[in-house]
1. Scan the range B:84-98 and give yes if some residue there is open to solvent by 60 Å² or more (accessible area, probe 1.4 Å), farther than 17 Å from B:Pro215 by Cα, modelled with pLDDT under 90 and not in a strand (DSSP E or B), otherwise no.
2. So, in the range B:335-355, of the ones that are open to solvent by 60 Å² or more (accessible area, probe 1.4 Å) and not aliphatic (A, V, I, L, M), which residue ends up farthest from the other protein chains (Cβ to nearest Cβ)?
3. Does A:Leu65 qualify as being within 11 Å of another protein chain (Cβ to nearest Cβ) and farther than 26 Å from A:Ile119 by Cβ?
4. Within the range A:92-129, can you find the residues that are charged (D, E, K, R) and either closer than 23 Å to B:Asp356 by Cβ or in contact with a Pro (Cβ under 7 Å, 6 or more places away or on another chain) (or both)?
5. Does A:Phe104 satisfy the criteria of being touching a residue at least 24 places away in the same chain (Cβ under 8 Å), closer than 24 Å to A:Gly206 by Cα and open to solvent by less than 10 Å² (accessible area, probe 1.4 Å)?
6. Going by the conditions given, is B:Arg332 open to solvent by 30 Å² or more (accessible area, probe 1.4 Å) and either over 15 Å from B:Val5 (Cα atoms) or at pLDDT 95 or above (or both)?
7. Quick one: which helices (runs of 4 or more DSSP H) lie wholly within the range B:1-67 and hold at least 2 residues that are modelled with pLDDT under 85?
8. Collect the residues in the range A:22-42 that are farther than 11 Å from A:Ile233 by Cβ and touching a helix residue (DSSP H, G or I) at 6+ places or on another chain (Cβ under 9 Å), keeping them in residue-number order.
Amino acid sequence: MGAMGEMKDGASAANAIETVDLEMTYRSGRVDVPAVQGVNLTVRHGEFIAIMGPSGCGKSTLLHLLGGLLQPTAGSILIDGTDISKLSDAERTAVRRRKIGYVFQRFNLFPTLTAKGNIELAKKIHGNGVSNPNGVGSIFEMLGLKGKFNFRPSELSGGEQQRVAIARAVINRPAIILADEPTGSLDSRNSRTVLRMLRDLNKKLGQTIVMITHDSEAASTANRVVEMKDGRILTPTCGYSYEPELERVN
Amino acid sequence: MENLVTANIRSRPTRAFISILAVALGVILMLVVGGIVSGTLDDYLGRTMALGSDFILQPGGSSILYAFSDASLNQKLTGVIEELPGVAAVTPVLSKFHAKGFGLVFGIDMESYNRFPGRLEILEGTASLTGDEVIVDQAYADAQKVKPGMTINVLNHDFKVTAICRPGAVVRVFIPLETMKVLNGTPDKVTIMFIKADPKADLDTVYATLRDKFPGNSILRASDPNLLLAETRLPGLAEFRMLVVFVSMLLSFMVILLAMYTTIFERTREIGILKSLGASQRFIVGMIIQESVMICSLGAILGIAISEVIRIVIITRFPTLQVSMTVGDLLRGLILGLVAGTLGALYPAYKAAKMDPVKALSYE
């Protein structure tokens, strides 16, 4: 990792995320398909932003780029001060391990492991012992999962599974949580619970969160909403608030 | 901590069991077949040594498996050898393979044969070996339920059992040399000659004399087990052993390759999740290898246990067969099972590590 990025590990960057002229083009047969075009996005530490837009607008691609799962065609991505756009796959994986926590629409828990086992696995992968000081027990309590330690995903409701996924995402104290439609597979009650969890993490622990959603109610939980269309950001850094919805969530 | 590797194995018990069984099969194949070959050879060499001869004269290029040698030694050489300085006794033998007992039958001249320390020591019956008479050893008698006075068929010829001798006199079935020559259609030829040196004679000098006198023939030094084994020409034995080991390893390798290859396709999405959590390629490779090693370890241990049971069953039910399984053999079985399984897991592990995380996450 010697040549990695612009900032040494552990140093504090001004922004959690900063993309500059970010481009991602897929090759489909003989045709180039631009998925992300000229995206300039800045997310400050402790911010909770929602990215909205129609299907195929490039939201998920952008999230994968931010998480280092994809390498951009052009432009740069600074994650907590580290430019990951030019890094190798192994180096991006290392950045992801240290700085990113993922929450998916379909929870993506390991079905063979218990709730605790899923979280322990994330700790093991992280491997440097810098896990959440609150510990698994406290995180579970905070997310309303007390008593669910030894349950397998198949024994948990969708909402509970997503809360376990959130616990897994935050256990290693990542700089950023990337949530890919976290309420997409949940009913409205569980959706609200999960959104409240995310909001609490942001407000109480200062957790930076980037969330993709189709749902305006979910988006209202965020401090800021960014809209995308055809791979571009339409309303960069505009204020966007659904306070009444927020209150209802609370 | 809960372990993903063991959890994965537990979650697919049928496939895990079949994989374990297949690895066990490879280990069993190697241990039992190798054990029978080694055991039979060791037993044979041991009994050859037990006769107490110092040299064995054979036609050139022969092997210790006398049955596969031609009966091409002129029996008249017996008199020539007896006259050589330092030679105390000589006995000619004509051997043939007896399929029913899966062993050799010796046609012997009992009078000269019994001049050797490992002579036929009669345990039951009368020490008589002429015409259509046969003497069998205790192991053969036990296995075939033979008693003195009974008639048995050996080499498609009926013989009357005159006596049971103690085991260890080279082979288990003895008929008169003259009868054997008639059955074989070789009136003046024998297969081998056992030679005993005078206790006062220098063995190296006698050996040199025999080599000078019979340059075209093979002379084995039977007094030293290492020399006997080294000088014994067993056609393709080493290659056969290698083949058994290779087939066993190939079996384990293929099974693990297939099992792990299927596994990583089934777990494509899980591998994507691992990558999204920041798992390195080394972590993923390690996970697949660990699973394989665990399956192979269980397979090898099961294989060793079953092989031991098979060994006990063989030596109990077939006393004339020997199965040699030393601690070294068992360790080799364990190691080879593990190595083959680990090699089999390498490619699937590499495929898993190289998987595109985005595609893996969207895998249905």
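1. No - not one qualifying residue is present in the range B:84-98.
2. First, the residues of the range B:335-355 that are open to solvent by 60 Å² or more (accessible area, probe 1.4 Å): B:335, B:339, B:343, B:346-347, B:350-351, B:354.
Retained after the next criterion (residues that are not aliphatic (A, V, I, L, M)): B:347, B:350-351, B:354.
Values: B:Tyr347: 19, B:Tyr350: 14, B:Lys351: 15, B:Lys354: 9 Å.
Restricting to residues being open to solvent by 60 Å² or more (accessible area, probe 1.4 Å) and not aliphatic (A, V, I, L, M), the top hit is B:Tyr347.
3. Working: within 11 Å of another protein chain (Cβ to nearest Cβ): yes; farther than 26 Å from A:Ile119 by Cβ: yes.
The answer is yes for A:Leu65.
4. A:Arg92, A:Arg96, A:Arg97, A:Arg98, A:Lys99, A:Arg106 - these are the residues of the range A:92-129 that are charged (D, E, K, R) and either closer than 23 Å to B:Asp356 by Cβ or in contact with a Pro (Cβ under 7 Å, 6 or more places away or on another chain) (or both).
5. Details: touching a residue at least 24 places away in the same chain (Cβ under 8 Å): yes; closer than 24 Å to A:Gly206 by Cα: yes; open to solvent by less than 10 Å² (accessible area, probe 1.4 Å): no.
So A:Phe104 does not fit the description; no.
6. On the way: open to solvent by 30 Å² or more (accessible area, probe 1.4 Å): yes; either over 15 Å from B:Val5 (Cα atoms) or at pLDDT 95 or above (or both): yes.
Here the answer is yes, as B:Arg332 does meet what is asked.
7. Working: elements: B:4-11, B:13-28, B:34-50.
The qualifying helices (runs of 4 or more DSSP H) are B:34-50.
8. Passing the criteria: A:Met24, A:Tyr26, A:Ala35.
The values are calculated or read from the model by the stated rules, or taken from the named source; none is laboratory data. Worth saying up front: this structure is predicted, and the values here are computed from it rather than measured. Please note: Cβ atoms are built from the backbone with ideal geometry, for glycine as well, and neighbour counts cover all protein chains shown. Note: areas computed on protein heavy atoms with side chains; ligands, DNA, RNA excluded. Shrake-Rupley method; radii C 1.70, N 1.55, O 1.52, S 1.80 Å.
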